[in-house]
Amino acid sequence: MSATPTSLGESTAVPGADGGASAFVAQPTPAFSPLYQQIKVLILQSLQAGEWKPSTAIPSEIELASRFKVSQGTVRKAIDELAAENLLVRRQGKGTFVATHAERQIQYRFLKLIPDNGDPSSEGPAQRHIIDCKRSRASLEVARALAIRTGDAVLQVRRVLSFSSVPTILEDLWLPAAPFKGLTAERLRDYDGPMYALFETEFDVRMVRAEEKIRAVLPDAEQCDLLKISPQSPLLSVERTAYTYNDVPMEIRRGLYLTNKHYYRNALN
């Protein structure tokens with residue numbers, strides 16, 4: 001059972017990567033960090049522990065200020081940063097909610113391939129074809145990226161995303177098996193929504209940030225067949241590592257993007 005942080009410097013339970021029970025670990029208050037940053041850390045601990053679930057409201061600023069024994073302005077500044085990081089969502093007149101990948105604006109946070117007309121909604125949702133979801137053993141490369149041991153169980157997923165019935169993205173994913181116990185190709189096919197929304201609603205794993213490496217490549221014969229393209233078709237290779245709270249890696253995703261009718265957009269702040 002997870003502990004709920006109630007004041008600065010209190011001990012809390014940090015969930016393990018397998019989603020199971022965890023040992024209590026002392027979380028010392030940073031010696032010189034601003035007070036609002038300390039409050040941000042405490043709110044993040046509550047999010048990580050599952051005290052507030054995706055799409056549900058968190059306590060009001062007044063309630064959090066009373067809980068942490070700080071001013072309402074300090075809480076507001078912490079929440080502002082979490083909202084800017086897409087972890088919380090403010091709704092006028094309703095309160096502040098835990099962001100969810102089921103929301104449309106959050107879905108497009110991780111989907112950077114945009115049609116040439118600039119409107120992601122113009123094509124409608126992607127049509128998904130799940131090719132495979134199988135259990136395998138982590139190679140050295142996969143193990144390093146997921147911070148697990150070589151040979152540990154992983155789930156490997158392959159799928160094709162089409163837009164307007166045109167195969168556009170070929171993706172291969174590797175997931176640590178323990179947090180995603182019970183994930184099958186049938187479950188992926190039956191879920192009517194983004195994959196990250198499935199992860200957070202059914203496996204209690206929320207992807208909060210990602211790192212990507214991008215390069216131009218040419219397809220091999222199998223990739224040509226799946227994307228229905230010629231061997232001379234240039235593709236954009238996007239290799240992503242996605243992290244949950246506390247910077248725990250939870251997914252490796254290698255995507256091949258066809259960009260003859262799309263472009264890859266990234267906003268830099």
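Among the residues making up segment 243-269, those that are without any contact (Cβ under 8 Å) to a residue 40 or more places away in the chain and either among the hydrophobic types (A, V, I, L, M, F, W, C) or assigned by TED's automatic domain parsing to the domain that holds I43 (or both) are A267, L268.
Step by step: first the residues of segment 134-149, then only those that are over 19 Å from the mean Cα position of the chain (by Cα) and either touching a residue at least 40 places away in the same chain (Cβ under 8 Å) or outside any helix (DSSP H, G or I) (or both), then the one that is surrounded by the most Cβ atoms within 10 Å (Cβ to Cβ). Which residue is that? So the residue we want is A138.
When the residues of segment 106-121 are narrowed to those that are loosely packed, with under 12 Cβ neighbours inside 10 Å and more than 11 Å from Y263 (Cα to Cα), which ends up modelled with the highest pLDDT?
Residues of segment 106-121 that are loosely packed, with under 12 Cβ neighbours inside 10 Å, as a first pass: 116-119, 121.
If we keep only those that are more than 11 Å from Y263 (Cα to Cα) too, we end up with 119, 121.
Numbers: D119: 83, S121: 77.
In this case the residue turns out to be D119.
L170 meets all of the listed conditions (1) at pLDDT 95 or above; (2) aliphatic (A, V, I, L, M); (3) not in a strand (DSSP E or B) but one, namely (3).
Among the residues of segment 209-220, are any modelled with pLDDT of 95 or more, of a type in the set (G, A, S), exposed (fewer than 14 other Cβ atoms within 10 Å of the Cβ) and on the phi < 0 side of the Ramachandran plot? Yes - at least one qualifying residue is present in segment 209-220. Here is a list: F163, F180. Which entry is touching an Asp or Glu at 6+ places or on another chain (Cβ under 6 Å) and surrounded by 15 or more Cβ atoms within 10 Å (Cβ to Cβ)? After applying the criteria, what remains is F163. Just one residue in the set V166, V154, V142, V160 is touching a His at 6+ places or on another chain (Cβ under 8 Å) and of a type outside the set (F, W, Y); that residue is V160. Picking from residues in segment 247-269 that are among the charged types (D, E, K, R) and closer than 14 Å to V205 by Cα, the one that is modelled with the lowest pLDDT is D247.
Of R128, R158, all but one fail to be surrounded by 14 or more Cβ atoms within 10 Å (Cβ to Cβ), touching an Asp or Glu at 6+ places or on another chain (Cβ under 8 Å) and either modelled with pLDDT of 90 or more or over 19 Å from L256 (Cβ atoms) (or both); the exception is R158.
Right, D152: in contact (Cβ under 8 Å) with a residue 24 or more places away in the chain and closer than 30 Å to T168 by Cα or not?
When the stated conditions are applied, D152 does not pass them.
Every condition in (1) in contact with a Ser or Thr (Cβ under 8 Å, 6 or more places away or on another chain); (2) at pLDDT 50 or above is met by S22 except one, and the failing one is (2).
Inclusion of A83 among residues that are at pLDDT below 90, within 30 Å of Y264 (Cβ to Cβ) and not basic (K, R) is warranted. Evaluating E186 against the criteria (1) free of Cβ contacts under 8 Å to residues at least 60 places away in the same chain; (2) part of a strand (DSSP E or B) leaves one unmet condition, (2). Evaluated against (1) within 22 Å of A84 (Cα to Cα); (2) surrounded by fewer than 20 Cβ atoms within 10 Å (Cβ to Cβ), S233 falls short on exactly one condition, (1).
The values are calculated or read from the model by the stated rules, or taken from the named source; none is laboratory data. Everything numeric here is computed off the predicted structure, so don't read it as measured data. Using ideal geometry, Cβ is built from the backbone for each residue, glycine included, and neighbour counts are taken over all protein chains shown.
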